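Structure first, commentary second.
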Amino acid sequence: MTTELLNVEQLRTHFFTEKGTVTAVDDVSFTIHEGEIVGLVGESGCGKSVTSQSIMRLYDEYMVEYEGKIEFNGDNLLNYPIKKMQKIRGDAISMIFQDPLSSLNPVFTIGKQIAEPLMLHHKKSKKEAYERAVELLALTGIPSPEKRVHEYPHQLSGGMRQRAMIAVTLACEPRLLIADEPTTALDVTIQAQILNLMRDLNNKLQMGIIFITHDLGVVAELCDRVMVMYLGQIVEEADVKTLFEKPLHPYTRGLIKSIPQMTGERKSELSVIKGNVPSLTNKPKGCRFSTRCEFADEKCLEEMPPLKTHSDTKKVRCWHYEEIIAREEGGHVHASST
Amino acid sequence: MIQVRNMKKYYQAKKGLNKLKSGNTYVKAVDGVSFDLRKGETYALVGESGCGKSTTGRTLLRLHDATEGEAIYNGKDLFKLSNKEMNKVRKDMQMVFQDPYSSLNPRKRIGNILEEPLNIHNIGNKSERTDIVMEVMSKVGLQVDHYYRYPHEFSGGQRQRIGLARALVVDPKVIICDEPVSALDVSIQSQVINLLQSLQRDLGLTYLFISHDISVVRHISDRIGVMYLGNLVEEGYTDDVIENPKHPYTKALLSSVPLPDPNVQRERVILQGDIPSPLNPPSGCVFHTRCPFAMDVCKTTVPQSLNLAGNHTVRCHLHDEGITTEEKKVVNA
Amino acid sequence: MSTTSLSNIRKELKKEQRSLLFKRFLSNKLLLTGSFIMLFVVGVALIGPFFLNYTPYQMVVENRLSPPSAEHLLGTDNFGRDLFSRVVYGAQISLGVGLAVAVITSVVGLVIGLLASYYKTLDHILMRICDGLMAIPGILFAIALMAALGPQTQNVIIALSIVFTPHIARVVRSKALSIREETYVEAMRAQGASPLRIIFLHIAPNTISPLVVQATFIFADSIITEAALSFLGAGVPTPDPSWGNILYDGKLVIFNAWWMTVFPGIMIILAVIGLNFVGDGLRDMIDPHTKPRSKKKRVNLFRFNSQKARG
Ligand SMILES: Nc1ncnc2c1ncn2[C@@H]1O[C@H](COP(=O)(O)OP(=O)(O)OP(=O)(O)O)[C@@H](O)[C@H]1O
Ligand SMILES: Nc1ncnc2c1ncn2[C@@H]1O[C@H](COP(=O)(O)OP(=O)(O)OP(=O)(O)O)[C@@H](O)[C@H]1O
Ligand code: SF4
Ligand code: SF4
Ligand SMILES: [Mg+2]
Ligand SMILES: [Mg+2]
């Protein structure tokens, strides 16, 4: 394997709210290597964004408490003073957000927003920085970049803005890029363009990418490895192929089965995961998925399963996954056969 | 059931500084759309954001007035009905909205929200209304004790059920579903899709299903209309359109859908550029600025709707036999 | 499902709702404190008269400006009238004026605001009038009106209502404008609901919480403004007591009769603070959105931080 870039261990993020402490991320551990694209999927509110923003320590320090370790380049980011953290943000680690309009500053030109961190973090002259800005815009596939550097965000379309945003985040050649649902607000044809771009950039620049999304299709197309989150925890981790071919966790299996497919039977009844995601203030005591899991038993209700290593590339957080798989031996569930 | 012919809806563009420059400019949100809605079927409108799907649905319900065209329902043109007559028709045609959060009045209890359509249409007395509402609530999978709750106490999926119940209380024939599942999570999405399908089976409903999610559309619809920039560019039975798309835009759209199966290697058509503004749509074929097969004719002549085999219609010069192969020489490739 | 069981369920759910509401009331410190203060102030006004030995008009000249004592709990004023009884009856008048103004402005302001939000032409006309009224400082305008109408308690109410209605109308209109764009209003239009039904049944309830808050402020404001008018001699006419004109009388003798300014002053302060607490507390309680939606905030947070990061 290539070099380890980021190593998160037992991360817990607690928010202090008026209703008491809320633990939005609860015991999350994973590793990101150089040059790989890792997907982080899960339903709304499961803690994907909180995980990513915790890595950047973007929350106001007085309303949040982190536990665990976030090792980047061998240093624990959680021990950094805020000043040092700010040096890392936008330089070695950068982030792309879902909404391309609100994450670009409307009062500065695109060029200025790309050049600024370069001048700040890398002490480049203004001229050099702007030249680099044009290069970056060209790299992200924006037509006539020389002209676009002098334009403001509102003059660009949604897809272009997202490209510009990517250019901003790439400016300092980050080693780690966190993309928080960068294509959710875009149309499919534009999303296809952006996904292509991300893949190209990853090939060229060899940075590690954490790609957050709730779209399993996007994960299948883009990522090398996937982590599935449910209610603040990672419930399954696997490389893309095995995840879709042989999902282990009951939640992942339900999720994959419930998406309407582009091939096969239509109009059939879709399989569903019954019930709703419980709220963070009302988490089940044992396994987080036990309120909706068809295999839940006494043990599941009482004890929280650990994230267990199943094989080199696979980890799963479930007491009974082996029995469940064994029960279906012979006719295992294939992603596209439902 | 409903025949829509050449429906157009232009919005007057915001008068800014441009007012001084030109006369009236229009956002051509829907620019001449024709389709039939058949009894008991699900007709899906797909297309990217801003292509005029919602506007089509809203205009049909006369939430704003059509600029041109007609929609025949029961032998009458909806766009020419008086307000009184239209309100009667509204009992038959209901709508479900995309945003489960803003489509329910936060100040009203679920019971009141669901009874309101009955009040408006003067159906039954107070206790009959309550009975109807309770019955519909159980139909869509809500509990009776939800009657006195407020919308904020419900999750997105439950709210969408409430929205659906509101449409169902007046016993409609047609429901216009404007992206009813787009705002929901995957595992909740399938619950609502199943509900929509079983209701259709039980009550014989007709759906106009608006969505940008092609796999959902493929799953639920009988026929599909593909929209691009206010135009219906292709229409046909779902299987035909999905398996055998004829219009270059449909092809690109289909190949852009990310498939949840990492083993499938597909040939992708990745379109260049962005969707042009409906303020100033391209001349000729509206798709020619991004079409990989664009020809000279495309820039000047608007393609007419062509009937292919099997009720498959397409608006593209590539399928026009009146144009010679030489003329079809690719220009943009 | 039989009807009897349904109606039983209905009754029980109603009961449950009521107890929930009560719980929410108890857990709302602001509202609780405000309510207690107001209960006290209103109690003084309503129950106070039963404990009085003097009428507010009864002058005992030889007892002029006597300090608080067992005989006159709060002392006497410059005409030898019992201050306690004047403050109690003053409470009736001051609170009465405030309440009347709050109610009138709420009703009129609500209707004006709602209509303005829905009909464009009407909006232009009504809002220009409101702008005009708001451009003139409230107290000056009230003085001018009082001069024109003559010094009478009803006229104080009329003048203050005219002064404060635009404030309510503005608040209601701006809220209604945003509510109008909500999908549920569109859903009602899709049902064929008439504009008036939409305005008064669907938009109006959503404007109530800002309206109530604004109305309590106006209640408080009119008590102050009435006091100010009376203080300037243009308010509630003597010899009727109001907190304002007791203060006015007290001003002249402030150095030898502190009680004449302190006690009505305390009452005004109590009433105003109490009303403000009640207003804020009510807003918290009525509003069923207990959870703030945090999405927007998080994005802004990033922008703020990234700006900092970039220097
Ligand atoms: N600043 C905060 N204070 C308190 N709770 C928070 C805060 N930010 C997020 N949360 C809570 O943490 C949980 C996880 O939120 P998060 O934003 O990570 O979800 P997500 O997986 O990114 O969902 P989505 O797909 O909707 O973006 C949510 O329940 C949310 O309410
Ligand atoms: N009230 C309005 N006034 C002016 N222009 C409007 C109005 N409503 C919609 N439009 C414009 O009409 C076009 C079509 O909008 P419409 O809402 O029908 O798109 P849509 O296909 O439903 O897109 P989405 O998938 O984003 O919902 C858009 O360009 C939009 O900006
Ligand atoms: S631990 Fe139990 S409840 Fe949790 S996913 Fe596994 S089987 Fe289901
Ligand atoms: S008419 Fe021309 S531009 Fe339009 S889709 Fe067909 S080939 Fe492309
Ligand atoms: Mg998120
Ligand atoms: Mg729409």
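The values are calculated or read from the model by the stated rules, or taken from the named source; none is laboratory data. Quantities reported herein were computed from a predicted structural model and do not represent experimental measurements. Methodologically, a virtual Cβ is constructed for each residue, glycine included, from the backbone with ideal geometry; neighbour enumeration extends over all protein chains shown. The accessibility values were calculated without ligands, DNA or RNA, using every heavy atom of the protein model including side chains. Shrake-Rupley method; radii C 1.70, N 1.55, O 1.52, S 1.80 Å.
To the nearest 0.05, how large is the calculated FRET efficiency for C:L32 and C:L232 if R₀ is 30 Å and r is the Cβ-Cβ distance?
0.25
Take the alpha carbon gyration tensor of the range B:136-218, find the square roots of its eigenvalues, order them as a ≥ b ≥ c, and report rounded if a/c is under 1.5; if not, report prolate when a/b exceeds b/c, else oblate.
The shape class here is oblate.
May I ask which of A:K246/A:K299; A:K48/A:K147; A:K84/A:K308; A:K241/A:K283 have a Cα-Cα span longer than 29 Å here?
Exceeds cut-off: A:K48/A:K147; A:K84/A:K308; A:K241/A:K283.
I need the P(r) histogram for the range A:4-159: all alpha carbon pairs, bin width 5 Å from 0 out to the longest distance, whole percents.
Cα pair-distance distribution for the range A:4-159, in percent: 2, 8, 14, 17, 17, 15, 13, 10, 4, 1, 0.
Considering all alpha-carbon pairs of chain B, what whole percent are spaced by more than 27 angstrom?
50 percent
Determine the per residue accessible area of the range A:61-165 with all protein chains present and a 1.4 angstrom probe, expressed in square angstrom. Don't jump to the answer; show the numbers that get you there.
Working: 5060 Å² over 105 residues.
It amounts to 48 Å² per residue over the range A:61-165.
With a point put 7 Å past each Cα toward its Cβ, work out how far C:S178 is from A:E131 in nm, to one decimal.
4.9 nm
I'd like the chymotrypsin sites (Phe, Trp or Tyr not before Pro) in the range C:71-177 restricted to DSSP loop residues with at most 15 other Cβ atoms within 10 Å, sorted by number.
Answer by residue number: C:Y119.
Using helices alone, I'd like the mean residue ellipticity at 222 nm for chain C: each DSSP H run of four-plus residues gives -39500 (n - 2.57), total over residue count, nearest 500.
Values: 11 runs with 226 residues, N = 311.
The helix contribution divided over chain C gives -25000 deg cm²/dmol.
Using helices alone, I'd like the mean residue ellipticity at 222 nm for chain B: each DSSP H run of four-plus residues gives -39500 (n - 2.57), total over residue count, nearest 500. Display every interim value, and only then the final one.
Details: 10 runs with 101 residues, N = 333.
Helices in chain B give a 222 nm mean residue ellipticity of -9000 deg cm²/dmol.
Express the accessible area of the range B:52-187 per residue in Å², computed with a 1.4 Å probe while the remaining protein chains stay in the model. Could the numbers behind the result be given before it?
Numbers: 4880 Å² over 136 residues.
Normalised by residue count, the accessible surface of the range B:52-187 is 36 Å².
Largest first and in whole Å, give the semi-axes of the range A:109-255's equivalent ellipsoid, each being the square root of 5 times a Cα gyration tensor eigenvalue. Intermediate results must be reported in sequence, preceding the final value.
Values: eigenvalues 223, 51, 30 Å².
Ellipsoid semi-axes (Å, largest first): 33, 16, 12.
Using a 1.4 angstrom probe, figure out how much accessible area chain C has per residue, in square angstrom, rounded to the nearest whole. Don't jump to the answer; show the numbers that get you there.
Details: 15530 Å² over 311 residues.
That works out to 50 Å² per residue.
How big is D for chain A, in µm² s⁻¹ as a whole number, if Stokes-Einstein is applied with the Kirkwood radius of its Cα pairs at 20 °C and 1.002 mPa s?
Value of D from the Cα-based Kirkwood radius: 101 µm²/s.
In the range C:14-57, what residues drop by 50 Å² or more in accessible surface going from the chain by itself to the full protein assembly, probe 1.4 Å?
C:Q17
Under 1.5 on a/c is rounded, so check that first for the range C:82-176, then, if it is not, pick prolate when a/b is larger than b/c and oblate when it is not; a ≥ b ≥ c are the square roots of the alpha carbon gyration tensor eigenvalues.
prolate
Which residues' amide hydrogens lie under 5 Å from the amide hydrogen of B:L306, considering only partners 5 or more residues apart or on another chain, with H built in the peptide plane?
B:V314, B:R315, B:C316
Output the Cα-based Rg and Dmax of the protein assembly as shown in Å, rounding Rg to one decimal and Dmax to a whole number.
Every Cα atom of the protein assembly as shown included, Rg and Dmax give 33.7, 120 Å.
Nearest 100 Å², what total accessible surface is buried between chain B and chain A (probe 1.4 Å)?
So the buried area, both faces added, is about 3900 Å².
Once B and C are treated as a pair rather than alone, how much accessible area drops out, both sides summed, in Å² to 100, probe 1.4 Å? Each step should come with its number before you reach the end.
Numbers: alone 17070 and 17860 Å², together 31950 Å².
Chains B and C together bury approximately 3000 Å².
What percent do you get for the relative contact order of chain A when only Cα pairs under 8 Å and 6+ apart count?
Computed value for chain A: 19 percent relative contact order.
Jot down the per residue volume, in cubic angstrom and as a whole number, of the convex hull over the alpha-carbon atoms of the range C:1-105. Write out the running numbers ahead of the final one.
Numbers: hull volume 19.3 nm³, N = 105.
Convex hull of Cα atoms, per residue: 183 Å³.
Which lysines, on any chain, are close to B:K28 with Cα under 27 Å apart, when same-chain ones fewer than 8 places away are left out?
Cα-Cα hits under 27 Å: B:K8, B:K9, B:K14, B:K15, B:K19, B:K53, B:K76, B:K80, B:K246, B:K251, B:K299, C:K120.
Give the relative contact order (percent, whole number) for chain B; include only Cα pairs under 8 Å separated by 6+ residues.
This gives 19 percent for chain B.
Which value, in Å to one decimal place, does the Kirkwood hydrodynamic radius take for the range A:213-276 when every pair of different Cα atoms is included?
12.7 Å
7 Å from Cα along Cα→Cβ at both A:E294 and B:D65: what's the point-to-point distance in nm?
Those two pseudo-labels are separated by 5.5 nm.
For the range C:89-144, go through all pairs of different Cα atoms, get the mean of 1/r, take its inverse, and jot down that Kirkwood value in Å.
Value: 13.1 Å, from the Cα pair sum.
Could you list, by residue number, the cysteines of chain B that have no other cysteine's beta carbon within less than 4.7 Å of their beta carbon?
Lacking a cysteine Cβ partner under 4.7 Å: B:C51, B:C177, B:C291, B:C316.
Please state, as a whole number in µm²/s, the translational diffusion coefficient that the Stokes-Einstein equation yields for chain C at 20 °C and 1.002 mPa s, with Rh defined as the Kirkwood radius across alpha carbon pairs.
In µm²/s, the coefficient rounds to 95.
Using a cut-off of under 14 Å, list every residue of the range A:27-64 whose amide N is near the label point 7 Å from the Cα of A:E4 along the Cα-to-beta-carbon line.
A:29-34
Run the helix sum for chain A: -39,500 (n - 2.57) per DSSP H stretch of 4+ residues, divided by residue count, reported at 222 nm to the nearest 500 deg cm²/dmol.
Estimated from H runs of four or more residues: -9500 deg cm²/dmol.
If R₀ is 30 angstrom, what is the calculated FRET efficiency for the pair B:D131 and C:F200, using the beta carbon separation as r and rounding to 0.05?
Working from the Cβ atoms, E equals 0.65.
So which residues of the range B:95-125 lose at least 50 Å² of accessible area, probe 1.4 Å, when you go from the chain by itself to every protein chain present?
Those residues are B:F97, B:S102, B:N105, B:P106, B:R107, B:K108, B:E116, B:I120.
Hey, what did the range A:15-149 get for relative contact order, percent, Cα under 8 Å, at least 6 apart?
Numbers: 79 pairs, mean separation 18.9, N = 135.
Value for the range A:15-149: 14 percent.
What are the residues whose amide H is under 5 Å from the amide H of B:N231, where those residues sit 5 or more places off or on another chain and H is modelled from the backbone?
B:D31
Points 7 angstrom from Cα along the Cβ direction at A:Y152 and A:L205: gap in nanometres?
2.7 nm
Heavy-atom accessible surface, probe 1.4 Å, ligands and DNA/RNA ignored: which residues of the range C:154-187 lose at least 10 Å² versus the isolated chain?
Listed by number, the residues meeting the 10 Å² cut-off are C:E182, C:T183, C:Y184, C:E186, C:A187.
Taking a ≥ b ≥ c as the square roots of the Cα gyration tensor eigenvalues, with a/c under 1.5 meaning rounded and otherwise prolate when a/b beats b/c, else oblate, which class fits the range A:194-309?
Because a/c hits 1.5 or more and a/b fails to exceed b/c, the range A:194-309 counts as oblate.
Do the alpha carbons of any pairs in A:K267/B:K173; B:K88/C:K14; B:K88/B:K173 sit beyond 23 Å of each other, and which pairs?
Too far apart for the 23 Å limit: B:K88/C:K14.
Say R0 is 25 Å: what FRET efficiency, to the nearest 0.05, do C:Y57 and C:F255 get from their beta-carbon distance?
E(calc), rounded to 0.05, equals 0.45.
Could you tell me what percent of the accessible area of the protein assembly as shown is made up of carbon and sulfur, with a 1.4 Å probe and every protein chain present? Write out the running numbers ahead of the final one.
Details: 23760 of 43030 Å².
That share works out to 55 percent.
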